[in-house]
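Since the structure comes first, as structure tokens, the remarks are kept for the end.
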Amino acid sequence: MIDGIARLGAWGLTQLRGFGRAALFFVDLLAALPSILRRFGLVVTQIHTIGNRSLVIILASGMAVGFVLALQLYNTLITFGAAESLGLVVNLSLVRELGPVVTALLFAGRAGTSLTAEIGLMKAGEQIAALELMAIDPRQRVLAPRFLAGVISMPLLAILFSAIGILGAWLVAVGLIGIDAGNFWAIQQNGVDVWRDLGNGVVKSFVFGIICTAVALYQGYETEATPEGVAYATTRTVVISSLGVLGMDFILTALMFSTGR
Amino acid sequence: MSKRNIEILVGLFVLLGLAGLVFVALKAANLTSFSNGDTYTLTARFDNIGGLKARAPVRSAGVVVGRVTSISLDAKTYQGVVRMEVNRGFEFPKDSSAKILTAGLLGDQYIGLEPGGDPANLAAGDTIKQTQSAVVLENLIGQFLFNKAADAGSSGGNGGGGKP
């Protein structure tokens, strides 16, 4: 009985310690950001690794999601005689929800894991320790450029996902189904507000970028310096980023869209 | 890959992202359809606003001339107070009337402005005097049933009471 309570207490303390370490890590990361602006070249290289190389999968997924959404929603909307608003429904679901969320999930899988594995192997190879020995702060030299690059790349990728999704829906709706192209765009323009819908979507993708990148870097930095440790940390990156993004998405949606329109 | 090539690729990536943003904002959202700033505010009081929401369009002859900005309840008269922004350049006579209308059978509700004949125009901050409330389906059905019952009652009275 006492042992059980002690185990529960130990477990709770470990969890709290983990939260504390993550929070301190995040604060350190933010504190290291100003110094990186003086060496922006490092950030550019990381944007190439994180952003450019995720571009193909993001564009391909966005196109596929746009195609499928258009086909599926058409079948539902036609029963209400509202097939013309297909563009609006696709646009709102992409810009508000699917664009930021699916991009973040793909981003965690495509870029987050590679960040964790890279940092984890740096740690396992004691390169981080070597940097510290040379009196170079690894947070400023290694982590901050990657963090900034992730936070910059994620909104760009999310908006490209939405844009290519809308184009994909346009291809299916106008090209395949035969909805009038003028109505397709006009109903969207009437129903989608730049600040309320697009602006909030961009804010969401920005927040998700912070979550995904920070989680990936933290998991890499805190990994056990063994092959199993790196593998475990990579898995945790995907799980925690995805859950964090989905949870945060609910909170943000409730804050942004629940108040009366 | 050389540093210069990487920089060019990153530049292209950022440009592509911005192009996507501009595309969504201009082609798929309403950045151009109405402009902020050059509008003036009008107020209208309705006995019942039905399902009217903030940001609903204000139309005259079917053309969008403004947006509803806020809806509140007047605590004294128990009327719904609707504030709307109308684009400058569209001036309406003093005795214009405002109606709450529905777009299609199931569509959203909007405000229809019908110009009157007064030579003076509504100025910023003015209140539209003549308003027509939203049609509430339950009231309509209630009225219909009431009329039916009244008809039945009067015809029954003429027939000398009850069954023939």
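The values are calculated or read from the model by the stated rules, or taken from the named source; none is laboratory data. Just so it is clear, the structure is predicted and the values come from calculations on it, not from any experiment. Because the Cβ atoms are built from the backbone with ideal geometry, glycine has one as well, and the counts that use them run over all protein chains shown.
Mind checking which residues of the range B:63-87 are loosely packed, with under 13 Cβ neighbours inside 10 Å and part of a loop (DSSP other than H, G, I, E, B)? Full working, then the answer.
Applying the first criterion (loosely packed, with under 13 Cβ neighbours inside 10 Å) to the range B:63-87 yields B:63, B:72-78.
Once the filter is applied, which keeps residues that are loosely packed, with under 13 Cβ neighbours inside 10 Å and part of a loop (DSSP other than H, G, I, E, B), the range B:63-87 yields B:74, B:75, B:76, B:77, B:78.
What about residue A:71, is it within 21 Å of residue A:191 (Cβ to Cβ), in contact (Cβ under 8 Å) with a residue 24 or more places away in the chain and surrounded by fewer than 20 Cβ atoms within 10 Å (Cβ to Cβ)?
Values: within 21 Å of residue A:191 (Cβ to Cβ): yes; in contact (Cβ under 8 Å) with a residue 24 or more places away in the chain: yes; surrounded by fewer than 20 Cβ atoms within 10 Å (Cβ to Cβ): yes.
When the stated conditions are applied, residue A:71 passes them.
Looking at A:73, A:88, A:77, A:59, just one residue is in a helix (DSSP H, G or I) and within 22 Å of the chain's Cα centre (by Cα), and that residue is A:59.
Of all the numbered requirements in (1) crowded, with 18+ Cβ neighbours inside 10 Å; (2) within 21 Å of residue B:9 (Cβ to Cβ); (3) more than 14 Å from chain B (Cβ to nearest Cβ), residue A:60 misses one, and that requirement is (1). Counting the residues of the range A:194-210 that are crowded, with 23+ Cβ neighbours inside 10 Å and within 26 Å of residue A:127 (Cβ to Cβ) gives 1.
Mind checking which residues of the range B:1-31 are assigned to a helix (DSSP H, G or I) and more than 7 Å from every other protein chain (Cβ to nearest Cβ)?
Taking the range B:1-31 and keeping what is assigned to a helix (DSSP H, G or I), we get B:3-27.
Answer for the range B:1-31, where residues must be assigned to a helix (DSSP H, G or I) and more than 7 Å from every other protein chain (Cβ to nearest Cβ): B:3, B:4, B:5, B:8, B:11, B:12, B:15, B:18, B:19, B:22, B:26.
Of all residues in the range B:134-164, those satisfying the criterion of being at pLDDT below 85 and among the small types (Gly, Ala, Ser) are B:134, B:153, B:154, B:155, B:156, B:157, B:159, B:160, B:161, B:162.
Criterion first (assigned to a helix (DSSP H, G or I), surrounded by 14 or more Cβ atoms within 10 Å (Cβ to Cβ) and either more than 14 Å from every other protein chain (Cβ to nearest Cβ) or at pLDDT 95 or above (or both)) does residue A:54 satisfy it? Walk me through how you get there before you give the answer.
Details: assigned to a helix (DSSP H, G or I): yes; surrounded by 14 or more Cβ atoms within 10 Å (Cβ to Cβ): yes; either more than 14 Å from every other protein chain (Cβ to nearest Cβ) or at pLDDT 95 or above (or both): no.
So residue A:54 does not fit the description; no.
Per the conditions (1) touching a Gly at 6+ places or on another chain (Cβ under 6 Å); (2) of a type in the set (Asp, Glu); (3) not in a loop (DSSP other than H, G, I, E, B), the sole criterion not satisfied by residue B:138 is (1).
If only one of A:158, A:163, A:135 is out of contact with any Pro (no Cβ under 9 Å at 6 or more places or on another chain) and within 22 Å of residue B:17 (Cα to Cα), which one is it? Before the answer, list the steps.
Details: A:158 fails: out of contact with any Pro (no Cβ under 9 Å at 6 or more places or on another chain); A:135 fails: within 22 Å of residue B:17 (Cα to Cα).
Exactly one residue qualifies, and that residue is A:163.
For the range A:246-260, the condition holds for no residue, the condition being that it is more than 23 Å from residue A:98 (Cα to Cα) and more than 14 Å from every other protein chain (Cβ to nearest Cβ).
Inside the range A:30-44, residues that are at the interface with chain B (Cβ under 10 Å from one of its Cβ atoms) and surrounded by 18 or more Cβ atoms within 10 Å (Cβ to Cβ) make up a count of 2. Within the range A:145-175, the set of residues being under 17 Å from residue A:68 (Cβ atoms), away from every other protein chain (no Cβ under 12 Å) and crowded, with 24+ Cβ neighbours inside 10 Å comprises A:173 only.
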